[in-house]
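Below you'll find the structure, written out as structure tokens, and then a few comments.
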Amino acid sequence: MIEQVMSALQYLKQHNISHGDIQPRTILFGPNDEFKITDVQFLTNGMCGYRKHLAGIETECFLAPELLQPLRRQNVLTNGEIDEERADIFSLGLVALAASILQSVESVYNFEDYCLREEEMLNHLDLVKTHYSNDLYLLLVSMLN
């Protein structure tokens, strides 16, 4: 999944497009064992995941940490204000982490202070390292840093 979605994100980058809403429901599994990403912004009047959280219509969170403080301030971001490609990679890493441990990863967010709970993230990553492989663990750590 990670490789195929990263390939799709690379294709978007080559065309100066960022997805902006990587989460489990935007990654589809096809009949030929391929993963595809959907264009949810088309279905939501151009609202990326950040804007849906800002508007209060999104409940599930896969946002990159650099989006949390602007969310707290209720800022509408302009183009170039954050590294959108990096934010998509973080979101994909979080989706892959949730899929790996078969658990929600909502607990990594602290919405009182609008930051990540580092210890909670490390606990989830340790599950991957302990139950799966060090290679997957290292890949996820690189995506989530």
- Has the range 80-91 got any residue that is surrounded by fewer than 18 Cβ atoms within 10 Å (Cβ to Cβ), farther than 21 Å from residue 6 by Cβ, at pLDDT below 85 and over 14 Å from the mean Cα position of the chain (by Cα)? yes
- Query: Is one or more of the residues making up the range 120-138 of a type in the set (Phe, Trp, Tyr), modelled with pLDDT of 95 or more and either surrounded by 12 or more Cβ atoms within 10 Å (Cβ to Cβ) or closer than 17 Å to residue 1 by Cβ (or both)?
  - Reply: yes
- Residues of the range 2-28 satisfying the condition of being modelled with pLDDT of 90 or more and either surrounded by 14 or more Cβ atoms within 10 Å (Cβ to Cβ) or more than 17 Å from residue 98 (Cβ to Cβ) (or both): 2, 3, 4, 5, 6, 7, 8, 9, 10, 11, 14, 27
- What residue, among those in the range 1-20 that are touching a residue at least 40 places away in the same chain (Cβ under 8 Å) and not in a helix (DSSP H, G or I), is farthest from residue 94 (Cα to Cα)? 18
- Task: Six or more apart or on different chains, Cβ under 7 Å: which pairs go from a residue in the range 96-117 that's under 22 Å from residue 4 (Cα atoms) to one that's among the β-branched types (Val, Ile, Thr)? Could you list them?
- Result: 96/2; 97/105; 97/128; 98/105; 100/128; 101/128
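The values are calculated or read from the model by the stated rules, or taken from the named source; none is laboratory data. All figures in this text were calculated on a predicted structure; none of them were measured in a lab. Every residue, glycine as well, gets a Cβ built from its backbone with ideal geometry; the counts of neighbours run over all protein chains shown.
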